[in-house]
1. Take the residues in segment 173-225 that are over 23 Å from residue 39 (Cβ atoms) and within 17 Å of the chain's Cα centre (by Cα), then tell me which one is surrounded by the most Cβ atoms within 10 Å (Cβ to Cβ).
2. Answer yes if at least one residue in segment 186-196 is of a type outside the set (Asp, Glu), free of Cβ contacts under 8 Å to residues at least 24 places away in the same chain and within 22 Å of residue 124 (Cβ to Cβ), and no otherwise.
3. Out of all the residues in segment 143-153, is one or more without any contact (Cβ under 8 Å) to a residue 24 or more places away in the chain and in contact with a strand residue (DSSP E or B) (Cβ under 9 Å, 6 or more places away or on another chain)?
4. Applying the selection to segment 75-118, what residues are outside any strand (DSSP E or B) and either surrounded by 14 or more Cβ atoms within 10 Å (Cβ to Cβ) or aliphatic (A, V, I, L, M) (or both)?
5. Any idea which residue in segment 107-163 is farthest from the chain's Cα centre (by Cα), counting only those that are of a type in the set (A, V, I, L, M, F, W, C) and closer than 24 Å to residue 191 by Cβ?
6. Looking at segment 225-250 only, could you name the residues that are at pLDDT 95 or above and β-branched (Val, Ile, Thr)?
7. In segment 175-268, which strands (runs of 3 or more DSSP E) lie fully inside it and hold 2 or more residues that are within 20 Å of residue 70 (Cα to Cα)?
Amino acid sequence: MYLKSISRKVGLVFMVLIGTWNITNAQISPPGLGKAKTAFWAAFGVRKKLDSLGTKQHMTYIGLGRKSTPEANNPFSNQAILVLNHEYYHRFTKHQQYSYALSYRRQNAYASSAPYDGEGVEQEFRAYGRYAYIIPAGRWKWTNTVRQEFRKFFTSDFGKAEENFQLRTRIKSQLVYTLSSKNKQSLALSAEGLLATSAMNEAEKQWTPYAYKETRLGIYYQFKIPRSDLSMDVGYVNNLIRGNHQAKAGIHYLAMDLVWDLPFHDKP
């Protein structure tokens, strides 16, 4: 019943949202932080134009996540993740864009039962590529994206983690509506589904089935800070994790990010 309810909810959201995502107003979405009740994500990025038209850009960001236990409401109580990410974007036609990235993540692990003591740190190195199709329509922009990831895991001392590596597919739809041209204010609604298969570090080194893992639903308010090269996104994300019976209504994230935009300069 729980998975059936999620499927209905995801299907409805995808039909209604039909989202958009592009270079200039993409927020730094929070990563999955594991099982919790509430969570907080903050990031700071530097985005640089690589040509005069802005069709090529790259962005580097650092992000920090904290979370509650599965039974508490304080999203700041436990350290969850540290992320370093660098991504290159190229919008090669009016409607199409691709990007690729490298990422390092340091995620804290906790016991699955009370009192949820810390169980160390897991390190992850990630590479991914993303393709986006963008449809502008007046104040609306509609983009659907497919992102393929390769994730490699290590313990805190670079030993073997329980999970060796993972192949994960992310399908996202996001709808952005321009509220006002003043300070480039907009509202973004999104829905993302994640499917994955993992190679485990066990005696048989078996693969898990390629299957649905989670859904992330988000709403963001985006704006440019007046008289500056800074833009900010503030939002809410609901993370529905398959099998997380302690949070059937999803994990509730408060998320925000600040991005410093650097203009293109011709080489002398």
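The values are calculated or read from the model by the stated rules, or taken from the named source; none is laboratory data. Predicted model, so just to flag it, every value in this text is computed and none were measured. Glycine gets a Cβ as well: all are built from the backbone with ideal geometry, and neighbour counts include every protein chain shown.
1. 176
2. So in segment 186-196, the residues of a type outside the set (Asp, Glu) come out as 186-191, 193-196.
The next check asks that each one be free of Cβ contacts under 8 Å to residues at least 24 places away in the same chain; those that pass are none.
For segment 186-196, residues of a type outside the set (Asp, Glu), free of Cβ contacts under 8 Å to residues at least 24 places away in the same chain and within 22 Å of residue 124 (Cβ to Cβ): absent.
3. Of segment 143-153, the ones without any contact (Cβ under 8 Å) to a residue 24 or more places away in the chain are 148-149.
From what is left, the residues that are in contact with a strand residue (DSSP E or B) (Cβ under 9 Å, 6 or more places away or on another chain) are 148-149.
Checked against the condition, which is being without any contact (Cβ under 8 Å) to a residue 24 or more places away in the chain and in contact with a strand residue (DSSP E or B) (Cβ under 9 Å, 6 or more places away or on another chain), segment 143-153 yields at least one hit.
4. Of segment 75-118, the ones outside any strand (DSSP E or B) are 75-77, 91-95, 111-117.
Hits for segment 75-118 are 75, 77, 91, 111, 114, 116.
5. First pass over segment 107-163, keeping only residues of a type in the set (A, V, I, L, M, F, W, C): 109, 111, 114, 121, 125, 127, 132, 134-135, 137, 140, 142, 146, 150, 153-154, 158, 161.
After this cut, where a residue has to be closer than 24 Å to residue 191 by Cβ as well, the list is 132, 134-135, 137, 140, 142, 146, 150.
Working: 132: 15, 134: 19, 135: 21, 137: 25, 140: 22, 142: 18, 146: 13, 150: 15 Å.
It comes out as 137.
6. Matches in segment 225-250: 225, 234, 237.
7. Details: elements: 185-200, 211-224, 230-241, 251-262.
Correct list: 211-224, 230-241, 251-262.
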